[in-house]
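Engineer: The structure under discussion is supplied below as C-alpha cells; questions concerning it will follow.
The values are calculated or read from the model by the stated rules, or taken from the named source; none is laboratory data. No experiment lies behind these values; they were computed from the predicted model shown. Cβ coordinates were reconstructed from backbone atoms using ideal geometry, including for glycine residues, and neighbour counts include every protein chain displayed. Areas reflect the complete protein model, heavy atoms only, side chains present, ligands, DNA and RNA absent. Shrake-Rupley method; radii C 1.70, N 1.55, O 1.52, S 1.80 Å.
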Amino acid sequence: MCAQPVRELDLGVCSSCGRRAPIYFRRYSGVRLCPTCFKEDFMKRVRRTISRYELLRYDDRILVAVSGGKDSLALLKVLYEIERDFPKSELLAALIDEGIDSYRLDCLRFSREVANTLNIELHEFSFKDLYGFTLSEVVESGIAEKLKLHPCTICGVLRRKALITAARRLGATVIATAHTLEDVAQTYLLNLLRGEKNMRPIGLRRGTENVIPRVAPLRLTPQREVALYAYLEGIPFQSRSCPYTHESMRDEIRNFLTLYDYRYPGSLYAFLSTFERILEKIPQPAEVNRCEICGEPTDRRICRACEIVLSIKSLLKD
Ligand code: SF4
Ligand code: ZN
Ligand code: ZN
C-alpha cells in the first residue's frame with residue numbers, strides 16, 4: 001500500500017496570495033497559508049502583539065532569553081527582523097547554562113550558531129559562576145531530594161533569577177521570553193488549580209521602579225506555528241529532552257488543553273482573554289518588599305531564589 005501523494009490532496013491555494021500551495025491550515029479560522037505568506041503572517045502577529053500590549057519601546061535594550069530550543073531561537077529571529085525598523089533599540093541574547101550534563105552542550109552550540117548568523121551578541125551565564133554549583137551536582141548528590149525540590153523547581157527559580165542578574169549586568173531595559181499561547185494558558189490554569197494567591201498577568205510590560213519587565217511577544221502565537229516558523233527559517237535547535245523532564249501537573253494540564261483546543265479551536269484565545277479581563281479587576285499589591293539578600297522584589301523577607309541557594313550551599317558544605 002503506498003501513501004497518498006500530497007499533490008492529490010485537495011488543499012486548494014493559499015488564502016492570502018491565492019497563488020501558491022498552502023502548507024499550513026489554521027483550524028480556528030479556516031485560513032490556509034503558503035510558506036511565504038505564513039512567515040509574513042507570523043511576523044505580523046508578533047508585531048501586533050507587541051503593539052497591542054505595548055511590550056517594547058522604540059529605544060529599548062532588549063535581552064532575549066535563549067535556551068537553544070525552537071521557541072527561543074524563533075523569538076530571537078523574529079525580533080531581529082522586527083527590531084530592524086527601530087534603529088534606536090538594541091537586541092542582545094543571554095543563555096543561562098544550568099549545568100545539566102551533556103544536555104546543555106547542544107543548546108549552547110545552536111544558540112551560538114543562530115546568534116552568530118544574526119550578528120547578535122550572545123552572553124553566557126552559568127549556575128556554576130553565579131551560584132557556585134551546577135544543577136547536575138545538586139541532583140546527583142541527592143541534595144534536591146533532601147530539600148524535597150524537583151530539579152525543575154530549582155532550575156526554574158534560579159534561571160529566572162539568573163536572567164535578572166544578566167539583564168542588570170548588561171544594562172537591558174526589558175527581558176523578552178519565548179512563552180507561547182499554550183505556556184501562558186497552562187500557567188494561568190495551573191495557578192488557578194493550585195490556589196495561587198498572587199496571580200499576575202504573564203508576559204506583559206508591568207513593573208515598578210527598579211524592576212526589569214519581562215515580556216512575552218509570542219503570547220498570542222500557538223506553539224505549532226512557532227515550530228513551523230523555526231522549521232521554515234531553517235533554525236537549528238535542540239530537540240532532545242532534558243534528562244530531568246518528568247510527568248508533572250503541567251504536563252497533564254498541557255495534554256488536557258491541547259486536546260480541548262483541538263476539539264474546540266480557538267478556546268485558548270478565549271480562555272486567555274477572559275482570564276486576563278478577570279485579572280485586571282483583582283487589585284495588585286502596590287508595594288513589594290525587597291529581598292534582604294539580593295534586593296530584588298519579593299513578597300517575602302528573603303526571595304525564593306536566595307532561599308534555595310542558601311539551603312543548597314549549606315548542604316554542599318556538609
Ligand atoms: Fe530545567 Fe526542568 Fe527544563 Fe530540565 S526540564 S531545563 S530541569 S526546567
Ligand atoms: Zn501565499
Ligand atoms: Zn534574593
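Engineer: Would you pick out the residues in the range 263-310 that are under 22 Å from the mean Cα position of the chain (by Cα) and of a type in the set (Phe, Trp, Tyr)?
Structural biologist: Within the range 263-310, Tyr269, Phe271, Phe275 qualify.
Engineer: Turning to a different aspect of this structure: Given the criterion away from ligand 1 (no atom under 16 Å from the Cβ) and open to solvent by 80 Å² or more (accessible area, probe 1.4 Å), identify the matching residue among Phe271, Phe256.
Structural biologist: On the way: Phe271 fails: open to solvent by 80 Å² or more (accessible area, probe 1.4 Å).
When all the criteria are applied, what remains is Phe256.
Engineer: How many residues does the range 91-104 contain that are over 12 Å from Ser136 (Cβ atoms) and either open to solvent by 90 Å² or more (accessible area, probe 1.4 Å) or among the β-branched types (Val, Ile, Thr) (or both)?
Structural biologist: Selection size over the range 91-104: 1.
Engineer: Only one residue in Gly142, Gly156 is within 16 Å of ligand 3 (Cβ to nearest atom) and either free of Cβ contacts under 8 Å to residues at least 12 places away in the same chain or surrounded by fewer than 20 Cβ atoms within 10 Å (Cβ to Cβ) (or both), so which one is that?
Structural biologist: Gly156
Engineer: Which pairs do you get when a residue that is on the phi > 0 side of the Ramachandran plot and in contact (Cβ under 8 Å) with a residue 40 or more places away in the chain, found in the range 167-195, comes within reach of a residue that is surrounded by fewer than 21 Cβ atoms within 10 Å (Cβ to Cβ) and basic (Lys, Arg), reach meaning Cβ atoms under 7 angstrom, with the pair 6+ apart or on two chains?
Structural biologist: Hits for this filter: Gly171/Arg61.
Engineer: Any residue at all in the range 230-237 that is in a helix (DSSP H, G or I) and surrounded by fewer than 17 Cβ atoms within 10 Å (Cβ to Cβ)? Walk me through it before giving the result.
Structural biologist: First, pick out the residues of the range 230-237 that are in a helix (DSSP H, G or I): 230-232.
So of that shortlist, the ones also surrounded by fewer than 17 Cβ atoms within 10 Å (Cβ to Cβ) come out as 231-232.
For the range 230-237, residues in a helix (DSSP H, G or I) and surrounded by fewer than 17 Cβ atoms within 10 Å (Cβ to Cβ): present.
Engineer: Count, please, the residues in the range 17-45 that happen to be assigned to a strand (DSSP E or B) and either farther than 16 Å from Gln223 by Cα or open to solvent by less than 50 Å² (accessible area, probe 1.4 Å) (or both).
Structural biologist: 5
Engineer: What are the residue pairs meeting all of these: first residue in the range 223-246, first residue within 16 Å of ligand 2 (Cβ to nearest atom), second residue open to solvent by 70 Å² or more (accessible area, probe 1.4 Å) and of a type in the set (Val, Ile, Thr), Cβ atoms under 9 Å, and 6 or more apart or on different chains?
Structural biologist: Going by the 9 Å Cβ cut-off, the qualifying pairs are Leu228/Ile23; Leu232/Ile23.
Engineer: What are the pairs with Cβ atoms under 7 angstrom where one residue, in the range 303-314, is in a helix (DSSP H, G or I) and within 16 Å of ligand 1 (Cβ to nearest atom) and the other, located anywhere, is of a type outside the set (Ser, Thr, Tyr) and open to solvent by less than 20 Å² (accessible area, probe 1.4 Å)? Sequence gap at least six, or different chains.
Structural biologist: Ala305/Leu158; Ile308/Ile154; Ile308/Leu158; Ile312/Phe133; Ile312/Val138; Ile312/Ile143
Engineer: Give the residues of the range 274-296 that are of a type in the set (D, E, K, R), open to solvent by 60 Å² or more (accessible area, probe 1.4 Å) and not in a loop (DSSP other than H, G, I, E, B), sorted by residue number.
Structural biologist: Arg277, Glu280, Lys281, Arg290, listed by residue number.
Engineer: Select from the range 55-94 the residues that are of a type in the set (D, E, K, R) and over 30 Å from Ser15 (Cβ atoms) and list them in ascending order.
Structural biologist: Arg57, Asp59, Asp60, Arg61, Lys88, Glu90
Engineer: Search the range 9-46 for residues being within 23 Å of the chain's Cα centre (by Cα) and not aromatic (Phe, Trp, Tyr), and hand back the single one that is farthest from ligand 2 (Cβ to nearest atom).
Structural biologist: Checking each candidate, the answer is Val46.
Engineer: Scan the range 133-154 and tell me whether some residue there is acidic (Asp, Glu) and closer than 21 Å to Arg104 by Cα.
Structural biologist: The answer is yes, given that some residue of the range 133-154 is acidic (Asp, Glu) and closer than 21 Å to Arg104 by Cα.
Engineer: Additional query: Scan the range 206-219 and give yes if some residue there is within 16 Å of ligand 1 (Cβ to nearest atom) and in a loop (DSSP other than H, G, I, E, B), otherwise no.
Structural biologist: Scanning the range 206-219, I find no residue that is within 16 Å of ligand 1 (Cβ to nearest atom) and in a loop (DSSP other than H, G, I, E, B), so the answer is no.
Every residue, every condition in (1) farther than 17 Å from Phe125 by Cβ; (2) within 16 Å of ligand 1 (Cβ to nearest atom); (3) at pLDDT below 95, yes or no:
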residue	(1), (2), (3)
Ser15	yes, no, no
Ser29	yes, no, yes
Leu55	yes, no, no
Tyr58	yes, no, yes
Glu81	yes, no, no
Pro87	yes, no, yes
Arg104	no, yes, yes
